[in-house]
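The values are calculated or read from the model by the stated rules, or taken from the named source; none is laboratory data. None of the values given here were measured: they were computed from a predicted structure. Glycine also receives a Cβ, built like all others from the backbone with ideal geometry; neighbour counts cover every protein chain displayed.
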Amino acid sequence: MKKIFIVANWKSNKTESEAKEWLTRFKINDPSSDKEIIICPSFTLLPILKSYILNHKSSIKLGTQDISLFEEGSYTGEVNGKQIKEFADYVIIGHSERRKNLNESDKMLEKKVLMAKKYKLNPIFCIQSEKTKIPKDVEIVSYEPIFAIGTGYPDTPESAENISKSVKDNSGIATVLYGGSVTSENVSSFTKMQNVSGVLVGKASLDPVEFMHILLYA
Ligand code: PGA
């Protein structure tokens, strides 16, 4: 049976009290071992999530939504790999929102992947199409067509399957996820595809009940 990755990308959402409320309502502490659940909150929420995981002996993993290009030092505003590794095992790199709003270039993203690897963080590298450049050493890719992100109009499972297969064939990467308007209603149509190894969920992960249903049906 293939391992299914379910990644919650909270983006720039939730205050401390909202995150605590999400955790109070989230009732799956011990997901089955064939599912890797990764929550990627804002940096400010990492301590709360980490203590929840420790207190509940939960197998949930944490990820961040960015990593600094730089090592620790005089880089105002940056959060570096060494700091992230205290909390997280994964880092989302190359999301289209950052490429667009923060002008992240292929070159920067390549450096971020290197930095993640250096601190033993596993990059979840987002591609917007088959043509997106994938830096070397990436082991998890998430295919996220821009038209599907936050629109309520996901790509078709067949298209996600074709792109996943072609990424695997061309790059040898074993784990390709799909992201873009995933909900509890459509998640199984993606995860049942042979070459789709899971989903990256934005908006629908903000509601703990909807996210629990996604985990259930994935
Ligand atoms: P969405 O976001 O689930 O809200 O469409 C997905 C993403 O940003 O990858």
### Query
Does at least one position in the range 44-51 carry a residue that is without any contact (Cβ under 8 Å) to a residue 24 or more places away in the chain, outside any strand (DSSP E or B) and surrounded by 15 or more Cβ atoms within 10 Å (Cβ to Cβ)?
no
### Query
Taking the range 195-215 as the region of interest, how many residues are under 20 Å from Lys20 (Cβ atoms), away from the ligand (no atom under 11 Å from the Cβ) and polar (S, T, N, Q)?
0
### Task
Find all pairs meeting these conditions: Cβ atoms under 7 angstrom apart; at least six residues apart or on different chains; first residue within the range 175-203 and in contact (Cβ under 8 Å) with a residue 12 or more places away in the chain and closer than 13 Å to Ala8 by Cβ; second residue near the ligand (Cβ under 9 Å from one of its atoms) and charged (D, E, K, R).
Gly179/Glu144; Leu200/Glu144; Gly202/Lys11
### Message
Testing Lys2 on (1) part of a helix (DSSP H, G or I); (2) under 21 Å from Thr183 (Cα atoms), one condition comes back false. Which one is that?
### Response
(1)
### Pair list, Cβ under 7 Å, 6 or more apart: the range 89-108 residue farther than 21 Å from Tyr119 by Cβ, other residue in a strand (DSSP E or B) and not small (Gly, Ala, Ser)
Ser96/Cys126
### Message
Every residue in the range 52-77 that is out of contact with any strand residue (DSSP E or B) (no Cβ under 6 Å at 6 or more places or on another chain), among the β-branched types (Val, Ile, Thr) and in a loop (DSSP other than H, G, I, E, B), please.
### Response
Thr76
### Query
Could you say whether any residue in the range 101-111 is of a type in the set (Lys, Arg), out of contact with any Phe, Trp or Tyr (no Cβ under 8 Å at 6 or more places or on another chain) and not in a loop (DSSP other than H, G, I, E, B)?
yes
### Task
Report yes if Lys136 is more than 16 Å from the ligand (Cβ to nearest atom) and at pLDDT below 95, otherwise no.
yes
#### Entry: Check on Val138, more than 23 Å from Leu46 (Cα to Cα), of a type in the set (A, V, I, L, M, F, W, C) and within 17 Å of the chain's Cα centre (by Cα)
yes
### Message
If I ask for residues that are surrounded by fewer than 19 Cβ atoms within 10 Å (Cβ to Cβ) and within 18 Å of Leu200 (Cα to Cα), which ones from the range 61-111 would you list?
### Response
Lys61, Asp89, Ser96, Glu97, Arg98, Arg99
### Task
Return only the number of the condition from (1) more than 16 Å from the ligand (Cβ to nearest atom); (2) closer than 17 Å to His95 by Cβ that Leu54 does not satisfy.
(2)
### Task
Look at the range 117-162 and say how many of its residues are charged (D, E, K, R) and in contact with a His (Cβ under 8 Å, 6 or more places away or on another chain).
1
